[in-house]
Each structure stands twice: as C-alpha cells, then as structure tokens.
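Any read-out appearing in this document is the output of simple, stated calculations on the displayed coordinates, not a laboratory observation. For clarity, every value in this text was computed on a predicted model and none was experimentally measured. Positions of Cβ are generated from backbone atoms using ideal geometry, with glycine treated the same way; all protein chains shown enter the neighbour counts.
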Amino acid sequence: MIYINDDEFNAITSYIKTNYGVNLTQKRPLIEGRLSNYIAGLGFTNYKDYFEYAKNDRVNDEMTMLINKLTTNHTYFFRENEHFEFYSNIVLPWIEKTLKSKDLRVWSAGCSSGQEPYTLAMITLEYLGANAASWDHTILASDISNKVLNIAKSGIYTREELGEVPHSWIKKYFKAYEEDKFAVSEGLRKSVAYRNFNLLNEFSFKKQFQCIFCRNVMIYFDMPTKNAIINKFYDALEPGGYFMIGHSESLSSCDHKFKYIKPSIYQKV
C-alpha cells in the first residue's frame, strides 16, 4: 500500500473539487484504496509525482482516468428499474401526448459505460414501435471520462453484463461479437449520442429536455455545488419534465424548485 500524506491529499482533493466539483475531502481511504496499486503499476512511489504526471498528461488523458477511478459506481442494464418503469409508463406517454414536434429529448448525465442510455434507448424504441422512424429519439449521454465514453461508444458487453436484459431484446438489439460477448446493433448505437461534458460547465443546450437522468453522480458534490447543478438541471428541463436521481440520493436538503413525485423522481412545474 502506498499511503498518501496530508500535502498530497490536500493537493489532489482541492484540484478535483475546484475543477470538477467532486468533493473527496472525507475520502482518504477511498483514494488510497483505488489508486495505490494503480500508481505503483505505473512506476510511481508517491502520490505527488503521480499527480503531477496526471495534470500534465495530455496524450492519455490521465486526469480523467484519475477522476473516473475515484468516482465511478458499478453500473448495469436496468439498474434501479423503477426509474425505467416510470419512464416507460409515465414519461413516454406524456411526451407522445404533448409533443407535436416528435423531437424527444432525454439526457443521461453521468452515463458511465453506457448501460443507462442504451437501456433508455431500447425502452424508447419498444414504446415507439413502428412510429420510431417518424421521431427524433436520440438519447444524449454525457460523462467527464473519455475512457468510459469510449467503452460506451464501442457498445460491447459480456453475457453476464446483459443479464438483466430480456432475451428477446438481446436478440433484437445486440449481435454476437466474440466468445461470450455482444455488441449493440447499429440501430441502437445510432439512438445514443455521446458527449464529454463537465457538469460544472454552463448548460448551453439549444432546446430543453423532457427528461433527465442524473443518478448516483451528485453524491460526490458538496451542497453549494449540488444546489447550483440541480438548478441548472431545472432550467434545462421543459415545464412538466422529469428529473431522476439515484435511489440513495435525495433533494430534501437542497435549495430547488422541483416538485416531489416519489422517492428519487421529481418534476419541473
């Protein structure tokens, strides 16, 4: 184990909080646990030298690799399935009924390795059915890590990772790739647009969204940062639009204008 000293810990956590809004000031064991073997494998014996390397590495994008290692949660298809049921049974019928332009705008913020946006895309395609061709139904998916975005864009998953996907959907939306692996179909791949995006940046979207998923992301933010981002999400939604957060998260202590619908589900009114 390579232990982090106070100066190294303060330098890393201050930089990450200032530039990415992620608060790791109470996460010393997490930093050591996730980085010790990794930086040793790169040939470093201390965090100071590794951190300097990460800040200056423009070729391999080591800084986003660092952020990803310290913030990524385990993700899988149909995780916290109540949200996807609500999306299918409530959100999509509302969009279909009220949207004359047939321009569906859904954002998966903090999409990690793609399971969430591909799940949303499959549900959307199933709901629209034969009418899908007359809709713009592309899901926007964003993350700050190029590494996980590249995994998502490749759309390659193991049989185990597809364990929660209905068998009929696997046959419909995936194709055999290698032994025990599957790749998303071209149609499903085109239904998701991936983008590198830092939630601290301004939300300069031309149109508002009808639904935003930002699940298990804001647990890393301190309260002022969280409030600011939540209000940017509110402004980015159409009136009546829905906002989904992780089951372990809540907006109860936040300063926001959302209407509470049910645990982890909110609406702009």
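Determine the shape class of the range 52-97: with a ≥ b ≥ c the square roots of the Cα gyration tensor eigenvalues, call it rounded for a/c under 1.5, and otherwise prolate if a/b is greater than b/c, oblate otherwise.
Here the range 52-97 falls in the prolate category.
Can you list the residues of the range 94-133 with backbone N under 19 Å from a point 7 Å past the Cα of N150, pointing along Cα to Cβ?
Backbone N within reach: 111-115.
Please work out the C-alpha center-to-center distance from the range 126-169 to the range 51-107 and express it in whole Å.
Spelled out, the Cα-based centre of one part sits 11 Å from the other.
Looking at F233, T75, P29, which one has the Cα that reaches farthest to the positive end of the dipole of the chain (charges on Cβ: Lys, Arg +1; Asp, Glu -1)?
Checked the options; the winner is F233.
Can you list which of the trypsin sites (Lys or Arg not before Pro) found in the range 30-130 are DSSP loop residues with at most 15 other C-beta atoms within 10 Å? Provide the component values of the computation, followed by the final result.
Numbers: sites: R34, K48, K55, R58, K69, R79, K97, K100, K102, R105; in loops: R58, R79, K100, K102, R105.
Qualifying residues, ordered by number: R58, K100, K102.
Assign unit charges at the C-beta atoms only (+1 for Lys and Arg, -1 for Asp and Glu), then state the dipole size of the chain relative to its Cα centre in Debye, rounded to the nearest 20. Intermediate results must be reported in sequence, preceding the final value.
Details: 32 positive and 31 negative charges, 168 e Å.
Computed charge dipole of the chain: roughly 800 debye.
May I ask you to derive the relative contact order of the chain, considering only C-alpha pairs under 8 Å and at least 6 residues apart, and to give it as an integer percent? The partial results should precede the final answer.
Values: 390 pairs, mean separation 46.9, N = 269.
Computed value for the chain: 17 percent relative contact order.
Would you please classify the overall shape of the range 22-152 from the alpha carbon gyration tensor, given that a ≥ b ≥ c denote the square roots of the eigenvalues, rounded means a/c under 1.5, and beyond that prolate means a/b larger than b/c while oblate covers the rest?
Values: a/c = 3.50, a/b = 2.63, b/c = 1.33.
Prolate, because a/c is 1.5 or more and a/b exceeds b/c.
How high is the relative contact order of the range 6-71, given as a whole-number percent (alpha carbon pairs under 8 Å, six or more residues apart)? Walk me through the numbers on the way to the answer.
Values: 31 pairs, mean separation 17.8, N = 66.
Computed over the range 6-71, the figure is 27 percent.
Quote the relative contact order of the range 138-269 in percent (integer), defining contacts as alpha-carbon pairs under 8 Å separated by 6+ residues. Please report the intermediate quantities before stating the final value.
Working: 171 pairs, mean separation 28.3, N = 132.
Contact order relative to length: 21 percent.
Treating the beta-carbon of each Lys and Arg as +1 and of each Asp and Glu as -1, no other charges, what is the dipole magnitude of the range 6-71 about its Cα centre, to the nearest 20 debye? Write out the running numbers ahead of the final one.
Working: 8 positive and 9 negative charges, 52 e Å.
In total the dipole reaches around 240 debye.
Name the residues of the range 52-87 whose amide N is less than 17 Å from a point 7 angstrom out from the Cα of N46 along the C-beta direction?
52-55
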